[in-house]
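One structure is given here, and the rest of the page talks about it.
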Amino acid sequence: FYDVETALSSVKQTKEITTELHYAKEYIANIHFSFKDYEKAADLYEDIIHSIPKTDSFNAYLSCTNLATCYLEINNLKKARETMDFLEEKLPQIPEYLQPEIKASIYDILANIALKEKNYPLADTYLSLSENYYDNAYSSGILGGHYFTRLTRCNYLVQLKRYDEAL
């Protein structure tokens, strides 16, 4: 992917080349994320998110959710929340059929922030919103986020010591 990024960076930029370059950078960030190099991944996701032209349709929502997750992992809750605020602002640029799933992802991340802050009523509220959006999503779950919401719900139940429900 570094070779692809280098090759694409050195040619005349068209919309198609820019899109492919975006994907190459995203794959590199995902590799850092997979190896738990969250600070490097966060830097790359930030670059990806802020390199999308304002006039282009916003297609970096996966990078936003991954960026917020990086910030959760390094305990920068303020940045995680800011990332979700940024993503929510971009919702009008996202195709309508994806919006329920994106909103569900936003609420799942906000629930995780609330859990880290030990604000269990707020976490439960966000989880309920996330679950509701997934239940009403048009798509078949391209982000696969409903699994993450279930894991967040399980974490919530464990923190409340409701182990039987968590199981």
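Nothing in this text is a laboratory measurement; each read-out follows from the coordinates by a stated rule. Values in this document were obtained by computation on a predicted structure and should not be read as measured data. Virtual Cβ from ideal backbone geometry, glycine too; neighbours counted across all protein chains shown.
Miscellaneous remarks
- Here the calculated FRET efficiency for Thr18 and Tyr147, from their Cβ-Cβ distance with R0 = 45 Å, stands at 0.90, rounded to the nearest 0.05.
- Shape category assigned to the chain from the gyration tensor of Cα positions, a/c cut at 1.5: prolate
- Each Lys and Arg adds +1 at its Cβ and each Asp and Glu adds -1 at its Cβ; summed about the Cα centre, the chain shows a dipole of about 340 debye.
- Within the listed set Ser105, Ser51, Ser130, the Gaussian network model of the chain (springs between alpha-carbon atoms below 10 Å) gives the highest mean-square fluctuation for Ser51.
- Computed packing ranks the peptides 12-18, 25-31 as 25-31, 12-18, most packed first, by mean other Cβ atoms within 10 Å.
- Taking every DSSP helix (H) stretch of at least 4 residues in the chain, weighting each as -39,500 (n - 2.57) and dividing the sum by the residue count yields a mean residue ellipticity at 222 nm of -23000 deg cm²/dmol.
- For the chain, the relative contact order comes to 14 percent (Cα pairs under 8 Å, sequence separation of at least 6).
- FRET efficiency, 1/(1 + (r/R0)^6) with R0 30 Å, evaluated for Asp43 and Lys118 via beta carbons: 0.55
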